[in-house]
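The structure appears right after this line, and notes come after that.
The values are calculated or read from the model by the stated rules, or taken from the named source; none is laboratory data. Since the model is a prediction, treat every value here as computed from it, not as a measurement. Virtual Cβ from ideal backbone geometry, glycine too; neighbours counted across all protein chains shown. SASA here: full protein model, heavy atoms, side chains in, ligands and nucleic acids out. Shrake-Rupley method; radii C 1.70, N 1.55, O 1.52, S 1.80 Å.
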Protein chains: 2
Amino acid sequence: MESNSSGSSSTYAAAGVDIKVADQAVQLIRDAVCSTYNDSVLSEHGSFGGLYSLIQTKSMSEPVLVTSTDGVGTKVMLAVEVGKLAGIGQDIVNHCINDILVQGAQPLFFLDYIASGQLDPFLISEIVSGMAQACRQSGCALIGGEMAEMPGVYRTDQLDIVGTIVGLVDRANLLPKMNIHPGDVLLGLASSGPHTNGYSLIRRIFENIPMDQVNSELGQSWGEALLAPHRSYLPLLQSEICNPSSKIKALAHITGGGLIDNIPRILPAGMGARIKKDSWPVLPIFRFIQSFGEIQDREMYRVFNMGIGMVVILAPNDIEEIRTKITEETWVIGEVIQKEGVTID
Amino acid sequence: MESNSSGSSSTYAAAGVDIKVADQAVQLIRDAVCSTYNDSVLSEHGSFGGLYSLIQTKSMSEPVLVTSTDGVGTKVMLAVEVGKLAGIGQDIVNHCINDILVQGAQPLFFLDYIASGQLDPFLISEIVSGMAQACRQSGCALIGGEMAEMPGVYRTDQLDIVGTIVGLVDRANLLPKMNIHPGDVLLGLASSGPHTNGYSLIRRIFENIPMDQVNSELGQSWGEALLAPHRSYLPLLQSEICNPSSKIKALAHITGGGLIDNIPRILPAGMGARIKKDSWPVLPIFRFIQSFGEIQDREMYRVFNMGIGMVVILAPNDIEEIRTKITEETWVIGEVIQKEGVTID
């Protein structure tokens, strides 16, 4: 009796592989995974667990690991529908990188889990290639992963993608810092689209609109605009988070909950933020989403990033210094106020 | 338009929470999660990422992180069917602990991902309580997690559970060691049942047998026997893996692929193992599985652990010393031979 025709699982850096499709996927992703390795990675592709040397921490006063695990949510359903999976691999890696970046951490390594009712080695290869690309861009090793085929758990042709990241920061450089005051400014960094949030709503709104239909104003298809990969803000902010005398007081990654829910998470008790609505160019895709879905303004700002994927908090006097170091356009989108909550007007 | 009635996700240590059911689950699991914290955990429950201080590594010559990510596979379907989820929480934690233990690592922290077509806060609370229990037993902090509700991806009433573990070892103590020779012995440690492997096969075999039916020989119901949680071998082996002069040469965690596929993974090229079939008491549940499923002997040893969940490799002269330190019965189940592959006779 063959036991492994379904329900088996296989990792490319942890456990036994015993189904052909997984073997094929492992072969296909080997080069992509290895391309992310650096001198700190001590394990070989296919070994038990991933091994990562912390010899670099010898020079730190108190090394602190920062870790987060996340899924890509229902954006994956849109990616499956459109048949473009590489971007979703970048999405999960960059989402995780940004989540630990806001605590001042640089990524060390990433692990992924991909599960489906039926594993398609080519789709998995495309996803992992996207992950590897994002990992290389941020100097993060794709050190382990797991694939699982569970037809009884997952719907036909559907899949889920989960990522876990581990990063490092010297305790003295942890963000947010304690010196946030009313009058500090919020500097916004551009997003590339909805990133990985609001996709259940997006999928309902675009239910009857073909994803390959090109919109002339966007200059691309709906699918391309809606699947634009989540940006990593590490390249823009890396030199600052490594700088012990950086003027950055805090960072907020604008994910589910938008500007309204994410900014208060890094503010001291009793403080809030006033956002100036027209202070940055809202990405056109959000206007289409709002119009097609007939969504109220406030709801838009609670679900979507509206074109701002990362918010930097700093003193007004430091704006120009930080702007010089962030090598792209940024916008002063608001300020910290002595009242809890976020107003947008 | 309400955007978060489905497809939303929530973490209890990473990102925004905005659906009631997730909030309820977060409330329910708070105490369980916090009960796993120790002095190294710097983050509070509900903060962005999990923060773990590595101040302890100051005394190590080269600290190495060991990491692994894994799912529980289709054992979760059986647990859902029987309605007992706490054990599956222990399963994923202990599986991960054992996976890094075989490289000599002690666990630092664990993160979980639980996704379903519909989140049930009480089921999630039961799962996380099981995880927390296993974490406490092994001194591992449950430092982060994510819950996702994706009805379009997961079948109704089904869920998936994924875990990621990070552990620590001084590079000089990494396992396996390089001194494995033919003639070294394999010492077997008892499993509690099938652990987390072979459940697609088990579910087919037991398809028409009520899980609450008590078997008189087992003295428990089929459900209880088949859902016995995966053991953690850390308590038995912790003092030895922390001992730089330990006589343990290697450990093999017997997961998917059984003794046949897992032992060769830690042996040097050109070596294999000869297993003596009657050298340990095969757990009764495996005899029932084999009989009900009419499964060949070799197939049983390739799918199941057959009562041996961890194998220790050591020189024959060191058997008594190691046995004294492992505070329960163990069995010499075979030896290393100068020929690749595993024979069982």
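In region B:327-343, is there at least one residue being within 14 Å of chain A (Cβ to nearest Cβ) and open to solvent by less than 70 Å² (accessible area, probe 1.4 Å)? Yes - at least one qualifying residue is present in region B:327-343. Would you check which residues across region A:67-80 are open to solvent by 10 Å² or more (accessible area, probe 1.4 Å) and closer than 27 Å to B:Asp39 by Cβ and list them? Selection gives nothing. Checking each residue in region B:100-129 for being modelled with pLDDT under 95, aliphatic (A, V, I, L, M) and assigned to a helix (DSSP H, G or I) picks out B:Leu123, B:Ile124. Counting only residues that are farther than 16 Å from A:Leu189 by Cβ and touching a residue at least 40 places away in the same chain (Cβ under 8 Å), region A:301-320 holds 5 of them. What about B:Pro176, is it assigned to a helix (DSSP H, G or I) and open to solvent by 10 Å² or more (accessible area, probe 1.4 Å)? Here the answer is no, as B:Pro176 does not meet what is asked. Among the residues of region B:47-64, none qualifies, meaning not one is more than 7 Å from every other protein chain (Cβ to nearest Cβ), in contact with a Phe, Trp or Tyr (Cβ under 9 Å, 6 or more places away or on another chain) and charged (D, E, K, R).
Looking only at residues in region B:273-296 that are at pLDDT 95 or above and among the basic types (Lys, Arg), the one that is farthest from B:Lys339 (Cα to Cα) is B:Arg287. On inspection, A:Gly152 passes the criterion of being outside any helix (DSSP H, G or I), surrounded by fewer than 24 Cβ atoms within 10 Å (Cβ to Cβ) and touching a residue at least 24 places away in the same chain (Cβ under 8 Å). Open to solvent by 10 Å² or more (accessible area, probe 1.4 Å) and outside any helix (DSSP H, G or I): does that describe B:Gln90? No; evaluated as a whole, the condition is false for this residue. With respect to (1) surrounded by 21 or more Cβ atoms within 10 Å (Cβ to Cβ); (2) at the interface with chain B (Cβ under 10 Å from one of its Cβ atoms); (3) more than 30 Å from A:Val214 (Cα to Cα); (4) touching an Asp or Glu at 6+ places or on another chain (Cβ under 6 Å), the lone exception for A:Leu119 is condition (2).
Of the residues that make up region B:156-166, is at least one of a type in the set (Ser, Thr, Tyr), in a loop (DSSP other than H, G, I, E, B) and at pLDDT 95 or above? Spell out how you get there, then give the answer.
Applying the first criterion (of a type in the set (Ser, Thr, Tyr)) to region B:156-166 yields B:156, B:164.
Now narrow it down to the ones that are in a loop (DSSP other than H, G, I, E, B): B:156.
Those still in the list that are at pLDDT 95 or above too: none.
Scanning region B:156-166, I find no residue that is of a type in the set (Ser, Thr, Tyr), in a loop (DSSP other than H, G, I, E, B) and at pLDDT 95 or above, so the answer is no.
Only a single item in (1) away from chain B (no Cβ under 14 Å); (2) free of Cβ contacts under 8 Å to residues at least 60 places away in the same chain; (3) not aromatic (Phe, Trp, Tyr) is not met by A:Leu283, and it is number (2).
Just need a number here: residues in region B:36-46 that are more than 7 Å from chain A (Cβ to nearest Cβ), more than 24 Å from the chain's Cα centre (by Cα) and open to solvent by 20 Å² or more (accessible area, probe 1.4 Å). Explain how you work it out, then say what you get.
Keep residues of region B:36-46 that are more than 7 Å from chain A (Cβ to nearest Cβ), which gives B:36-41, B:43-46.
Add one more test, that the residue is more than 24 Å from the chain's Cα centre (by Cα), and what stays is B:39, B:43-46.
Next cut, open to solvent by 20 Å² or more (accessible area, probe 1.4 Å) only: B:39, B:44-46.
Total meeting the criteria: 4.
If you go through region B:163-172 one residue at a time, do you hit one that is open to solvent by less than 10 Å² (accessible area, probe 1.4 Å) and closer than 18 Å to B:Pro284 by Cβ? First the steps, then the outcome.
Step one: of region B:163-172, the residues open to solvent by less than 10 Å² (accessible area, probe 1.4 Å) are B:163-167, B:169.
Keeping just the survivors that are closer than 18 Å to B:Pro284 by Cβ gives none.
Looking through region B:163-172, none of the residues is open to solvent by less than 10 Å² (accessible area, probe 1.4 Å) and closer than 18 Å to B:Pro284 by Cβ.
Working carefully through the options B:Ile308, B:Ile254, find the one that is within 11 Å of chain A (Cβ to nearest Cβ), surrounded by 17 or more Cβ atoms within 10 Å (Cβ to Cβ) and hydrophobic (A, V, I, L, M, F, W, C). Exactly one residue qualifies, and that residue is B:Ile254.
Pick from A:Asn262, A:Asn243: which is within 21 Å of the chain's Cα centre (by Cα) and either over 16 Å from A:Asp184 (Cα atoms) or of a type in the set (Val, Ile, Thr) (or both)?
On the way: A:Asn243 fails: within 21 Å of the chain's Cα centre (by Cα).
The match here is A:Asn262.
For B:Gly83, the criteria (1) open to solvent by 10 Å² or more (accessible area, probe 1.4 Å); (2) touching a Lys or Arg at 6+ places or on another chain (Cβ under 7 Å) hold in every case but one, which is (2).
Scanning region A:55-66 for any residue that is of a type in the set (Ser, Thr, Tyr), open to solvent by less than 10 Å² (accessible area, probe 1.4 Å) and over 20 Å from B:Ile114 (Cβ atoms) turns up at least one such residue.
Just for region B:257-293: of the residues that are among the small types (Gly, Ala, Ser) and out of contact with any strand residue (DSSP E or B) (no Cβ under 7 Å at 6 or more places or on another chain), which one is surrounded by the fewest Cβ atoms within 10 Å (Cβ to Cβ)? Restricting to residues being among the small types (Gly, Ala, Ser) and out of contact with any strand residue (DSSP E or B) (no Cβ under 7 Å at 6 or more places or on another chain), the top hit is B:Ala269. Scanning region B:194-216 for residues being within 20 Å of the chain's Cα centre (by Cα) and surrounded by fewer than 21 Cβ atoms within 10 Å (Cβ to Cβ) gives a total of 1.
Yes or no: region A:74-87 includes at least one residue that is assigned to a helix (DSSP H, G or I), more than 13 Å from every other protein chain (Cβ to nearest Cβ) and out of contact with any Ser or Thr (no Cβ under 8 Å at 6 or more places or on another chain).
In the first step, residues of region A:74-87 are kept if they are assigned to a helix (DSSP H, G or I); the result is A:75-82, A:86-87.
Restricting the remaining residues to those that are more than 13 Å from every other protein chain (Cβ to nearest Cβ) gives A:82, A:86-87.
Okay, now just the ones that are also out of contact with any Ser or Thr (no Cβ under 8 Å at 6 or more places or on another chain), so A:82, A:87.
Looking through region A:74-87, at least one residue is assigned to a helix (DSSP H, G or I), more than 13 Å from every other protein chain (Cβ to nearest Cβ) and out of contact with any Ser or Thr (no Cβ under 8 Å at 6 or more places or on another chain).
Of the residues making up region B:83-97, one or more are over 22 Å from B:Val33 (Cβ atoms) and either modelled with pLDDT under 95 or in contact with a helix residue (DSSP H, G or I) (Cβ under 7 Å, 6 or more places away or on another chain) (or both). The sole residue among A:Leu259, A:Leu237 that is at pLDDT 95 or above and within 14 Å of another protein chain (Cβ to nearest Cβ) is A:Leu259. Checking each residue in region B:238-251 for being open to solvent by 20 Å² or more (accessible area, probe 1.4 Å) and of a type outside the set (Lys, Arg) picks out B:Gln238, B:Ser239, B:Cys242, B:Asn243, B:Pro244, B:Ser245. Checking each residue in region A:265-280 for being within 14 Å of chain B (Cβ to nearest Cβ) and within 24 Å of the chain's Cα centre (by Cα) picks out A:Arg265, A:Ile266, A:Leu267. Every condition in (1) more than 9 Å from every other protein chain (Cβ to nearest Cβ); (2) crowded, with 24+ Cβ neighbours inside 10 Å; (3) of a type outside the set (Lys, Arg); (4) closer than 30 Å to A:Pro264 by Cβ holds for A:Ile127 except the one numbered (4). Can you find even one residue in region B:139-151 that is at positive phi, more than 10 Å from every other protein chain (Cβ to nearest Cβ) and under 20 Å from the mean Cα position of the chain (by Cα)? There is at least one residue in region B:139-151 that is at positive phi, more than 10 Å from every other protein chain (Cβ to nearest Cβ) and under 20 Å from the mean Cα position of the chain (by Cα). Out of the residues in region A:223-237 that are open to solvent by 10 Å² or more (accessible area, probe 1.4 Å) and touching a strand residue (DSSP E or B) at 6+ places or on another chain (Cβ under 7 Å), state the one that is nearest to A:Gly104 (Cα to Cα). Top of the filtered list is A:Leu236.
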